[in-house]
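Take a look at the structure set out below.
The values are calculated or read from the model by the stated rules, or taken from the named source; none is laboratory data. All values reported here derive from a predicted model rather than from experimental measurement. Glycine also receives a Cβ, built like all others from the backbone with ideal geometry; neighbour counts cover every protein chain displayed.
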Amino acid sequence: MRSTLTFVLMAIAISSSYSHDKSKFDVNLPNTMHKFKNQQIQSFQPMLKNSTGEASMLPGGYFTLGTAAGLSGGFLDDKCDITFGHPYALTSYPLLFFDGAWYRLDQFFEDSYQTVPLVEENTLSLTLQKPGVLKFKFSITQDTSDASFHFLWHIENRDSVAHNLGVGFVFDAALGKYSDGYATISNLDGFEVWERPDEPRGLGASYQFAEPLPDLITSVNWPEVNDDILIAINKTAITVLYDLAVVALWSGREINPGEEFTTQGHFQHEQPEFSPIFMRTDLPTALSIEHALLFPKELPVNLLIGNSGEYDIDFLSIVARLPEEIYGDTLVMPGNIPAQTTGFTTLNLQTRDRFEDIVVEVNFRCSGSGAVVDELSRKVFIPAVAASDVGHKVIVSDDQMTL
């Protein structure tokens, strides 16, 4: 007698932990009020500014850096980001280590959103307290004579017992316009970040730490460190960087009652490197999952072509080299770009579903008069979409299996 067994195979839904829509962390303050961390705050927030650079700070110590007129004397480094989302965003911030765990300030200090940073002359400062336990100060001071900023962290143990305390920060590099960054870390003394990895490197900046030096400086992907800092910095597998964040940590050390700990660092704009034709793109560094679907499917990508030369440019062509997961326009002709201006053109791209996380590279090559005049690459994280949730009926008998 034949026996029959019927069962259902269900595909496993695969989801990505790192499919953030990062635009949600870019704070655009309207004319009156903005809802910040589910609370209302005044739209005016303190900012430091001179002819070269700018810095801002929100409640919770979230900060951004950007340029004003820049250093070059040209237009390509005017009004550019140094960190993501300038002038206001929630992706660069100080950290606090307290008795075995790392915290953002608004995770540790209750009602920290109600404490607005103060601006006094050329200093932005935020002081937060947990009464009878801890006082924390974070400040950014702008040098009025050049393109530099001075960072300071200060903690005081106000408890009656010792605590294991430390500080740190997450620096979400995004140099230029719609860009990311590439980091070079020199031991524990500091790091440099640039708009591009190779010459011409575009916009650049350096950060030097004073004594005591941090115990760790590392490069990670921002979505990973924002989800869980310890998992991100302890990853043993080699990670492809698609959304650079530099993390510096002064690990926990025993601070007795009444004792303090202070550390400092110095941020400096570097002289930028631009070719006469210099491209930028708003192609995102990561796609996201919305309602179990890859987003966006339609991906219009703008290319900005800066002409910093003395003459108008005609007959440029841009070739896009696309991975299998992204398809669409591969050739555009921007047309005439007058001297000392920026032109733009749009490529209409689309994305294909993937069932595993992947980082791909998109390359744009700009040519004129038969020669390559600029080249730009961007890595893009594509998260896995859920596999089908449709059940398959499988019938197993003595002599066959049918699906």
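Some observations on this one:
- The stretch 49-102 - residue that is within 17 Å of the chain's Cα centre (by Cα) and of a type in the set (F, W, Y) and, of those, modelled with the lowest pLDDT: Y88
- Among the residues of the stretch 78-125, those that are under 30 Å from S308 (Cβ atoms) and of a type in the set (D, E, K, R) comprise D78, K79, D81.
- Considering (1) farther than 25 Å from E211 by Cβ; (2) at pLDDT 95 or above; (3) surrounded by 19 or more Cβ atoms within 10 Å (Cβ to Cβ), the lone condition that F109 does not fulfil carries the number (2).
- Test for V332: is it more than 21 Å from R354 (Cα to Cα), under 27 Å from the mean Cα position of the chain (by Cα) and touching a residue at least 24 places away in the same chain (Cβ under 8 Å): no
- Of all positions in the stretch 344-358, none carries a residue that is assigned to a strand (DSSP E or B) and acidic (D, E).
- Those residues of the stretch 280-336 which are out of contact with any Lys or Arg (no Cβ under 9 Å at 6 or more places or on another chain), among the aromatic types (F, W, Y) and surrounded by fewer than 15 Cβ atoms within 10 Å (Cβ to Cβ), in sequence order: Y311, F315
- Every residue from the stretch 194-233 that is part of a loop (DSSP other than H, G, I, E, B) and under 19 Å from the mean Cα position of the chain (by Cα): E195, R196, P197, R201, D228
- Members of the stretch 175-193 that are in a loop (DSSP other than H, G, I, E, B), under 17 Å from V247 (Cβ atoms) and either polar (S, T, N, Q) or in contact with a Pro (Cβ under 8 Å, 6 or more places away or on another chain) (or both): N187, L188
- If the condition is being crowded, with 21+ Cβ neighbours inside 10 Å and either polar (S, T, N, Q) or modelled with pLDDT under 95 (or both), then the stretch 141-156 contributes Q142, A147.
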